[in-house]
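Quick note: the coordinates plus some simple rules give every number you see, no bench work behind them. Model, not experiment: these values are computed from the prediction. Cβ coordinates were reconstructed from backbone atoms using ideal geometry, including for glycine residues, and neighbour counts include every protein chain displayed.
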Amino acid sequence: MPQSIPVPSTGFQALILCGPGVSLNTFTANPEEHPKCLVPVANRPMVYYAIDFLRRSGISDITLITPPSSLAPLQAALKQNPHLTSFSSPSPSVLAPKALEMTMGTCELLRLPEVQACIKTDFLLLPCDLICEIPGESLLEAWMVSQSSLGGSLVPEGRNAHGPITRGSGGERGGRRGGLGLYYQTKLREESVKGEATDFVAIAPLDKDEAPAVSHPAQGPAALRFSLSKVVMSSPMDTIKEKMENDKGFLIRHSLVKEHAEIKMLSSYRDAHLYVFPYWIKDLARNEKLESVSEDLIGYWAKSGWQKGLADKLGITEIFERQQDSQIPGETGSHDNESVEEEIDLQAMSTTKSGSINAESALPSYASRVKVSEAEASKDKKSSKVPPILAYVQRESAPFVRRVDSSALLLSTSLRLAKLPSIEEVGRIEASPFAHNQKIAHPEGIAQRCTVSKSDCLIAENVTVEQFAVIKESVIGSNCHISSGARLTRCVLMDGVTVGPKATLTNCIIGRRAKIGAESMLKECEVQDSYVVPEDTDSKNEKFMFFEGLDEEAGMTDDNEDDMEL
């Protein structure tokens, strides 16, 4: 297993939201034992990829936020799972607010007192199901350059009636800074799945003086330039379709067109839910009208840049006015620093010129004072604008980005990562950050008279494969047993699965410690943890799950087969 290489800290903190995983209910039905963030993707816990992305970005202050019911298994995994213990110190901390419920919105979560107390700097917010190959430091670099926040964090200087006062290059007094979100393409990619959820996002180009020139490594010494855009509208496509049905069309406000003459509307992209947020978002999240970060906070924030009066309704204007009025005791206003150059007569101090200096010439002229006043007025007018929420829109040939929040995406993403060359094959420098040390971790367990497609398979430790078995384009978890004559094609088997003799599995996901009976034929099926599929079962597109009142050891019978299908 590749060890994480420690990198210098950026000064940011990160919050990883470890939610209930309703869309993966076959494998997350018991969050007290196995929450969504621990569901394996290509033989690694799902949350591993989010932590790895942050550690590669130089962020070590990481907090996992989870419901209290999932606290114990998550803490145990951080101490025992070999993939999660491979990270260098310090290890992520776990926060389980008492009032956090499974159905709570992400903005409601940010309002919880424990989470509010946790946020102390500019921060990243991301879900536990995000797998992102884009170098995180490039996103941070783009945000810091475009938002004039090279310090990257807040420096506390004191407190007043409204809370902590901050300053510095990364503090709010360094400028009103916007945010940054990531959007990725869902169509025409190898890992694309049918029916994947998408978001509607409308973007406008940055002004010439706003666009940063930022590059990040693509392959070897080559560099790839990317540009940022302003988000002017953002909403799930389902919401847009409902509005179009009610309004009999897609309505656009005149104020949007007046503010942004050039707009590009995207409908096949998805919000990765990876955000770089300035510290003041902590205050905005307290608005009880906001429930979801992606739909409400981002959507209304984007509109407040061109919809008159919306910033006041959201409380953004009040937040900035309060920060502007806050002063550190014993400190004068910021205009004192701006007037230093006027008070010092640099010409009179010069030792390279002789002769007397006219006293009147040392005073700033009326015209210069008028120019200064106009500049300050222009600055104040510009600062009154709502800082933008920026978007990095993934290009077609960009690195891998995916949210694994459904069974179809769990299967396609795992199979996609299984095709990555191992570190053993190409070396650590050329290997993907998601590559394993070996494609087959325990070759001794593979019988000689069997077929395993090594190029597109990933087989974990202590797996035994008996003779005449055939495994193609599949991911096999640790401690699995594949019996003689079994055939697996495009399947994901989690830890401890047993496949009976001559069983045939195609496009299936099998949960931990499940058993597949001999000569069963399953196609596009899901099998819950510890479930026993009887012998000679022939099923397609079904979910094998336990229900109350049924004998868990008996598995599925003909009488309850219809009840088992969800």
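Quick look at the values:
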item	result
Theoretical FRET efficiency, 1/(1+(r/R0)^6), r = Cβ-Cβ of Ser91 and Glu288, R0 35 Å, to 0.05	0.55
Whether the range 502-543 is rounded, prolate or oblate, judged on the alpha carbon gyration tensor where a/c under 1.5 counts as rounded	oblate
Cβ-derived FRET efficiency at R0 35 Å, Glu321 paired with Glu101, nearest 0.05	0.55
Computed label-point distance, nm, for sites His442 and Ser484 using a 7 Å Cα→Cβ extension	2.1 nm
Net charge dipole size for the range 407-564 [Lys, Arg +1 and Asp, Glu -1 on Cβ; Debye, nearest 20]	1060 debye
In the range 445-534, the trypsin sites (Lys or Arg not before Pro) that fall in loop regions by DSSP, at most 15 other Cβ within 10 Å	Arg449
Restricting the range 239-277 to trypsin sites (Lys or Arg not before Pro) in coil, as DSSP defines it, with at most 12 other Cβ within 10 Å	Lys248
